[in-house]
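Scroll down for the structure; my scribbles are underneath it.
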Amino acid sequence: VGDGRGNVGFANGKAGEVPDAIKKASEAAKKNLQHISVVKGDTISHEIVGKYGACEVFLKPAPVGTGVIAGGPVRAILELAGIKNIYSKVYGSRTAINIVRATMNGLTSLKTVTKVATLRGKKPQEIK
């Protein structure tokens, strides 16, 4: 689930019938929302590789007008998060749930502009 403004979450649900499992999963995902920092141009701040098990997802910011260059589970997460310009590539395992977990791992470990500035020893007001 996501709101298109940087909040996105996922979960699994088990039940005897498919609609019940989907309902359980969506309710659990709403409780598990995480904020993703989206920068100017509706993209991410820097390149990152998200890893989960044998799956690796490479995410790279793209210029305005590029669109979402991603397939399957990665595209779903990026669109729900509100990211509109990005490149991605999946390496290793192609299992859907592992791709989702690797993508979320990468997106949640992104650094914001102010965090990078403080790590470099600059004050946030010096950022232009």
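The values are calculated or read from the model by the stated rules, or taken from the named source; none is laboratory data. Just so it is clear, the structure is predicted and the values come from calculations on it, not from any experiment. All Cβ positions, glycine included, derive from the backbone under ideal geometry; neighbour counts span all protein chains shown. Side chains included, ligands, DNA and RNA excluded: accessible areas come from the protein's heavy atoms. Shrake-Rupley method; radii C 1.70, N 1.55, O 1.52, S 1.80 Å.
Annotations for the structure displayed:
- Segment Tyr87..Lys111, full-extension length gain: 6.9 nm, with 0.36 nm per residue of separation and the alpha-carbon distance subtracted.
- Kirkwood Rh in Å, taken over the chain so that all alpha-carbon pairs contribute: 15.4 Å
- Accessible area per residue, Å², segment 1-86 with all protein chains present, probe 1.4 Å: 57 Å²
- Rounded tilt (10° steps) of 72-81 against the dominant C-alpha axis of the chain: 60 degrees
- Looking at the chain alone, DSSP beta bridges between its own residues are antiparallel in about 90 percent of cases.
- Other-chain or far-sequence residues with amide H under 5 Å of Cys55's (modelled H): Ser93
- In this structure, the residue pairs whose Cα-Cα separation is over 23 Å, taken from Lys84/Lys122; Lys89/Lys115; Lys84/Lys111; Lys60/Lys84; Lys60/Lys122; Lys31/Lys123, are Lys84/Lys122; Lys89/Lys115; Lys60/Lys122; Lys31/Lys123.
- Most to least accessible of Leu110, Leu119, Leu80 (protein chains only, probe 1.4 Å): Leu119, Leu80, Leu110
- Phi-based couplings in Hz for segment 13-18 (Karplus 6.51, -1.76, 1.60; Gly and Pro marked x): x, 10, 6, x, 10, 4
- Accessible-area value, Ser26, 1.4 Å probe, nucleic acids and ligands omitted, Å²: 40 Å²
- Accessible-area value, Thr114, 1.4 Å probe, nucleic acids and ligands omitted, Å²: 70 Å²
- Rounded to whole Hz, the Karplus (6.51, -1.76, 1.60) HN-Hα couplings of segment 104-113, x for glycine and proline: 5, 4, x, 5, 6, 9, 5, 9, 7, 4
- Its Cα centre serving as origin, segment 1-118 has a Cβ charge dipole (Lys and Arg +1, Asp and Glu -1) of approximately 180 debye.
- Order of exposure, largest accessible area first, which applies to Arg94, Arg120 with probe 1.4 Å: Arg120, Arg94
- Note on surface exposure: His35, His46 rank His35, His46 by accessible area, highest first, 1.4 Å probe.
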